[in-house]
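Following: one structure in structure tokens, then a few remarks.
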């Protein structure tokens, strides 16, 4: 192989690589600023978690005052578990 042919191949490979990187850089979107959107979502999730935690503690207090827990016989969840156990082909527990 002559030096001229080798030089042409090397130049073609380098030009193709440069063209490929230029095309990929132009077609790919810029990186999103994830910090601002994630912080808003995290703030909302923390508020929702706080609200749900408060509701859960109030429900536990109510169940304690009624004398039943969520899984005790006669509670709604207990009744649904009994119904599910007798009607479903698999265990619902």
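The values are calculated or read from the model by the stated rules, or taken from the named source; none is laboratory data. This one's a predicted model, so the numbers in the text were calculated from it and none came from an experiment.
General observations
- Residue satisfying condition, being at pLDDT below 80 and in a helix (DSSP H, G or I), within set 60, 18, 22: 22
- Condition met for residue 68 (at pLDDT below 75 and part of a helix (DSSP H, G or I)): no
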